Structure formats: structure tokens, C-alpha cells
1. Let me spell it out: the conditions are (1) crowded, with 19+ Cβ neighbours inside 10 Å; (2) assigned to a helix (DSSP H, G or I), and Tyr135 meets all of them except one. Which number is the exception?
2. Can you pull out every residue in region 78-101 that is within 18 Å of Val136 (Cα to Cα) and among the β-branched types (Val, Ile, Thr)?
3. Quickly run through region 154-169 and pick out the residues that are surrounded by 15 or more Cβ atoms within 10 Å (Cβ to Cβ) and β-branched (Val, Ile, Thr).
4. Collect the residues in region 133-150 that are closer than 16 Å to Ala40 by Cα and more than 11 Å from the chain's Cα centre (by Cα), keeping them in residue-number order.
Amino acid sequence: MPINDSCLNEVRALCLAITLAVTGAPTAFAEESAKARHDARPPVQRDVTALPAPVQDMRVSILRAASSGNLEEMRYVLERNEIMPVLSAGEKVDKPLKHWRDISGDGAGLEIMAVLIEILTSGYVVAKQPDTEMYVWPHFAARGVTDLTPPEKVELFRLVSPKEAERMAEDGYDHYRLGIGADGTWHFFYEGG
């Protein structure tokens, strides 16, 4: 009985599958690939004195306004910004203080100010972009929430519940994130992936 091309291709595929299963090549490849992705993540930074002066200035301005407990203080920070930061992953926000009151669990925007403080006192990453650098808080927004050290898990649990963190390990970090450009421009602060 002659062997046709279709039959020969099936035999080759079967031989390849057996070889890969016996040698563990797919597992080794997957492990190498995961390690490469892990190693390619930007390193976590914690030294805020290493931030460029304009970034330090904007960060401190946001923290002072948020710590005041007076949402109106945030208006001054927003007004001195070069552009209106992106404040929602899905829609344009024209009235930021009203938006924060609306989405805040307390109805006054205090919860949002607490979130600002929590993320700006966590680790950050420097995201290299073609023309500039973006400083992103918390580092989970750029690095994800898998393979965390115990101290990093504690840091994450300051932001989200363990149940949310478990979901994020599958779906990706989708809590609040904030980005400030190297020139001190506040570019975004929103919740979502």
C-alpha cells in the first residue's frame, strides 16, 4: 500500500509530538518564554528623590492636595497642569471634581483622594516611550500582579482585596493607575486595564 503525502504529514506530526512530549521541549520553551517576559518588565523604583524635579513637584502637589481632605484643592493641581489628565478609561471627563464625587464610594471624593495617596506612596516604574519617559504608579500597572514577593503582595493588598488580586493575576491589573511625564505633566489617573 503506497503512502501518500497526507499520510506522511500525519506521521511526521505524530513523530514531532512524541519527540516534544518525551524531551519536554514545549515546557522548557514555555518556561523560558515566561522568564523572558518576567525579566523584560521594568524594574520597580521606590526612591522618589531619583525622580526628575518636575515629576517630584507634580507628585508632591497631588499628595498635598489629596492629603488636605478638600477636593477643591485638587482643582488647583489640575489647573496648573499643561493638559487635562485622562481620568476615565472609557469616556472624556470635562468636570473632574464632579466625576470623582460621582465615582467615590463616599460621594464626596475622599475615597479617590485616599487612592491617590496610596498609589503615589507605592513603588513606580519608568516606562520608556519614543520621545520621553512616563513615570507610572503603582508599578503593578506596568508589571502586573504575578510572581510577587511577599512585600509586593502586602503593597498590592493596600490597594485591592486579596480576592481582587487573585482575579487580577488571571485578568491583569485593572485598579487605579497614574502617569506623570518626565516634564511633570500629569497624563492620566483612571481605573481599568
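Each value in this text was obtained by applying a stated rule to the coordinates, not by laboratory testing. Small disclaimer: the values here were computed from a predicted structure and weren't measured. Ideal geometry is used to build each Cβ from the backbone, glycine not excepted, and the neighbour counts take in all protein chains shown.
1. (2)
2. Ile83, Val86
3. The one that is surrounded by 15 or more Cβ atoms within 10 Å (Cβ to Cβ) and β-branched (Val, Ile, Thr): Val160.
4. Thr146, Asp147, Leu148
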